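Report on the following structure.
The values are calculated or read from the model by the stated rules, or taken from the named source; none is laboratory data. Quantities reported herein were computed from a predicted structural model and do not represent experimental measurements. Counting neighbours? That spans all protein chains shown, and the Cβs are built from the backbone with ideal geometry, glycine included. Just so you know, the surface numbers come from the protein's heavy atoms only, side chains and all, with ligands and any DNA or RNA stripped out. Shrake-Rupley method; radii C 1.70, N 1.55, O 1.52, S 1.80 Å.
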Amino acid sequence: MNPCLRAVVRTALAHRLEVMGIRQGFEGLLRSDIIPLGAREVGGILQRGGTFLHTGRCAEFLEEKGRHAALQTLEASGIEGLVVIGGDGSMRGAYALHRLGFPTVGIPASIDNDIWGTNMSLGVDTALNTIMEAVDKLRDTASSHQRAFLIETMGRRSGYLALMAGVICGAEVILIPEKEVRLEEIASAIEDAYGRGKTHAIIVAAEGASVKAAHVSEQLNALKVGFDTRVTILGHVQRGGSPTAFDRMLATRMGVKAVEVLLSGTSGAMVGLSGREMVPIPLEEVAGRSRQANLDYYEMARVLAR
Ligand code: F6P
């Protein structure tokens with residue numbers, strides 16, 4: 001989000017606009033936590049993870065009353081257009097403000113990559129690289145000790161990260177919320193891998209998978225599938241760290257485009273990556289829908305785990 005903020009601020013400044021930053025998202029908006037942003041305020045942040053404006057989950061903003069209060073704050077602060085960076089909740093909030101008549105443009109940011117209307121959201125590539133690095137390291141110890149490792153990634157409702165990590169890290173088994181897998185199938189896949197002479201086995205599981213990581217590992221150890229199994233839960237490390245080259249470029253392009261969209265007089269749109277292009281997608285289409293992970297990759301990973 002930091003490289004994106006930099007791009008929004010400096011593009012707006014280049015168009016001779018005044019820029020204000022709202023701290024802690026909608027929560028800060030309701031408290032009028034608004035600060036002026038110049039070019040220097042967004043200096044030195046291109047390589048920093050997170051957001052220097054901080055973020056927050058705001059229950060009040062879910063209510064009509066909260067949204068009207070936010071609108072009043074925006075108007076009282078002399079703000080004439082808003083860029084909202086965030087996940088599906090943020091996009092729904094952005095859509096609500098647009099419907100109240102406030103010029104608003106959204107930028108998708110969620111490591112789950114489940115936001116409708118864009119091939120990639122901000123943070124996904126960085127998270128995936130963090131997972132890849134972790135799995136590569138775990139594979140070293142798995143291989144030395146001839147163990148199976150179950151690595152849990154984030155993704156309460158979306159299996160995108162686990163699925164992609166499964167493909168790029170050569171997992172024997174992938175567990176995601178979108179696909180029901182029985183414990184016996186997992187055990188037989190690992191036992192088979194052992195029988196084929198593999199020195200280790202990797203299971204990548206999304207946190208929202210139907211079978212829980214600890215339970216799977218307990219059962220595999222009880223069933224004596226060949227390898228001893230260990231669990232590693234990656235947790236919130238996946239949401240931090242210096243953004244990758246891909247993420248910096250995506251964030252920069254989305255930030256620039258969002259300002260251009262607002263300046264063109266368009267409101268109620270989200271900037272999305274479609275093919276190689278940045279395109280405005282109506283927030284009406286985005287809000288309340290979610291992007292599904294492509295399950296073709298599931299089969300691809302299965303075939304390649306020989
Ligand atoms: O950013 C999305 C996400 O990573 C989900 O995959 C996960 O379930 C959730 O955030 C965790 O959020 P929290 O920080 O509230 O635990």
Notebook entry, point to check: Inside the range 174-185, can you point out the residues that are surrounded by 24 or more Cβ atoms within 10 Å (Cβ to Cβ) and more than 15 Å from the ligand (Cβ to nearest atom)?
Noted result: 174
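For every residue, the table says whether it meets (1) more than 16 Å from the ligand (Cβ to nearest atom); (2) open to solvent by 20 Å² or more (accessible area, probe 1.4 Å); (3) not in a strand (DSSP E or B).
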position: 129; (1), (2), (3): no, yes, yes
position: 132; (1), (2), (3): yes, yes, yes
position: 144; (1), (2), (3): yes, yes, yes
position: 148; (1), (2), (3): yes, no, no
position: 152; (1), (2), (3): no, yes, no
position: 161; (1), (2), (3): no, no, yes
position: 164; (1), (2), (3): no, yes, yes
position: 170; (1), (2), (3): yes, yes, yes
position: 191; (1), (2), (3): yes, yes, yes
Notebook entry, point to check: Taking the range 12-44 as the region of interest, how many residues are surrounded by fewer than 20 Cβ atoms within 10 Å (Cβ to Cβ) and of a type in the set (Val, Ile, Thr)?
Noted result: 2
Next item on the list: Using the structure shown, decide if residue 57 is closer than 30 Å to residue 230 by Cβ, touching a Gly at 6+ places or on another chain (Cβ under 9 Å) and surrounded by fewer than 20 Cβ atoms within 10 Å (Cβ to Cβ).
Entry: no
Notebook entry, point to check: Which one of these does residue 276 not meet: (1) open to solvent by 80 Å² or more (accessible area, probe 1.4 Å); (2) touching a residue at least 12 places away in the same chain (Cβ under 8 Å); (3) among the charged types (D, E, K, R)?
Noted result: (2)
Note to self: Which residue is nearest to residue 126 (Cα to Cα), if the candidates are limited to the range 71-115 and must be in a loop (DSSP other than H, G, I, E, B) and within 16 Å of the ligand (Cβ to nearest atom)?
What the structure shows: 111
Note to self: So the check is Cβ under 7 Å with 6+ separation or different chains; which pairs have a first residue in the range 187-215 that's in contact (Cβ under 8 Å) with a residue 24 or more places away in the chain and a second one that's polar (S, T, N, Q) and assigned to a loop (DSSP other than H, G, I, E, B)?
What the structure shows: 199/146; 200/146
Next item on the list: Determine the pairs where a residue that is in contact (Cβ under 8 Å) with a residue 60 or more places away in the chain, located within the range 291-306, has a partner that is in a helix (DSSP H, G or I) and surrounded by 19 or more Cβ atoms within 10 Å (Cβ to Cβ) with Cβ atoms under 6 Å apart, the partner being 6 or more residues away or on another chain.
Entry: 293/160; 293/163; 297/163; 301/166
Check: Within the bounds of the range 228-246, is there any residue that is in contact with a Phe, Trp or Tyr (Cβ under 6 Å, 6 or more places away or on another chain), farther than 18 Å from residue 1 by Cα, open to solvent by less than 70 Å² (accessible area, probe 1.4 Å) and assigned to a loop (DSSP other than H, G, I, E, B)?
Finding: no
